Amino acid sequence: MITRSAVLLFLVGLLLGRPAWATDNTPPEGFVSLFNGKNLLGWKVTTGDNVRALLITGGHEHETSFYSLFDGYKDLGRLPVSSSDIAFQSDLRGKYDVLIMYDFSRDLNETRRKNLRDFVEGGKGIVVLHHALLNYQKWPWWYEDVVGGSYRLQKEGDNPSSSYKGDQQIFVVPEEKHPITAALEPFQAMDETYKNMWLSPRVRPLLITDNPNSDRLLAWIGPCATSRVVAIQLGHGPAIFSKPEYRTMVHNAILWSAGRLK
Ligand SMILES: [Zn+2]
């Protein structure tokens, strides 16, 4: 029952504006906090015609400096952070243009799978970064038809499990001209490499390397028929987060997946 005092309170609320503590799990401007002891929530606001992106983290340790990757871009604007468990509880199609995944989630229940699938089939953008390549090992549609690559946690038939190696000097070379890599020259980076990933023959290569502890492919366009999907293997630690070429790559991937970069 709506009481008169509740209506009054609502009107007073409208007059005063939404208080910072009236939270729906969204932290106020400039706020960065630990959530559930695992997931970092960040929040920043800029003005203008921004890409509506949702950053998904959690389930895997990562450096706080990761969040600095998204600083300083007027076209990214408001960038909320959530976990897959929370985010995929609801239909995201009306709220976001792009999902940036930097989480590790083993599986999703039926409802969450449907919401993620609806987003992908709704022609939205997906950017998969680093350890998010480990996601949804038991969901072939995700890694075969959407992402086009998967870090395998276990040996499967003739395919070995994947491996990683930290602190690698990596010579990164743009593979072909694409709006995402158009302005990039070859560059040296220090980061973690992945080797023996499952990779689809249907991906379009963006970055390659000849580092012996890495797969040749470092970034690619996924084979997804309905959505613009970009996967970038690099992205473990602070050394690469401040690397201008990597920052450009991630920023361009977000813009391209949102249909802003042609
Ligand atoms: Zn890593």
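The values are calculated or read from the model by the stated rules, or taken from the named source; none is laboratory data. Quick caveat, the model's predicted, so the values are computed rather than measured. Reconstructed Cβ throughout: ideal geometry from the backbone, glycine too, with neighbour counts over all protein chains shown. Ligands, DNA and RNA are stripped out before the accessible areas are found, and what is left, the full protein with its side chains, is counted by its heavy atoms. Shrake-Rupley method; radii C 1.70, N 1.55, O 1.52, S 1.80 Å.
Among the residues of segment 136-152, write down those that are outside any loop (DSSP other than H, G, I, E, B) and over 15 Å from the mean Cα position of the chain (by Cα). Before the answer, list the steps.
Applying the first criterion (outside any loop (DSSP other than H, G, I, E, B)) to segment 136-152 yields 140-147, 149-150.
The answer is Pro140, Trp141, Glu144, Asp145.
Looking at the structure I just gave you, is Gly30 open to solvent by less than 90 Å² (accessible area, probe 1.4 Å), modelled with pLDDT under 50, closer than 26 Å to Leu153 by Cβ and in a loop (DSSP other than H, G, I, E, B)? When the stated conditions are applied, Gly30 does not pass them.
Where in segment 198-254 are there strands (runs of 3 or more DSSP E), lying wholly inside it, with at least 1 residues that are open to solvent by less than 20 Å² (accessible area, probe 1.4 Å) and of a type in the set (Gly, Ala, Ser)?
On the way: elements: 204-208, 217-221, 228-232.
Correct list: 217-221, 228-232.
Scanning segment 71-91 for residues that are in contact with a strand residue (DSSP E or B) (Cβ under 7 Å, 6 or more places away or on another chain) and either at pLDDT 95 or above or surrounded by 21 or more Cβ atoms within 10 Å (Cβ to Cβ) (or both) yields Leu76, Leu79, Val81, Ser82, Ser84, Ala87. So, in segment 139-171, exactly how many residues are within 16 Å of the ligand (Cβ to nearest atom) and either in contact with a Leu (Cβ under 9 Å, 6 or more places away or on another chain) or aliphatic (A, V, I, L, M) (or both)? Matching residues across segment 139-171 total 8. Considering segment 156-182, the residues that are closer than 27 Å to Gln137 by Cβ and in a loop (DSSP other than H, G, I, E, B) include one that is most open to solvent (accessible area, probe 1.4 Å), namely Asp158. Among the residues making up segment 144-155, those that are crowded, with 17+ Cβ neighbours inside 10 Å and closer than 21 Å to Glu192 by Cα are Val147, Gly148, Gly149, Ser150, Tyr151, Arg152.
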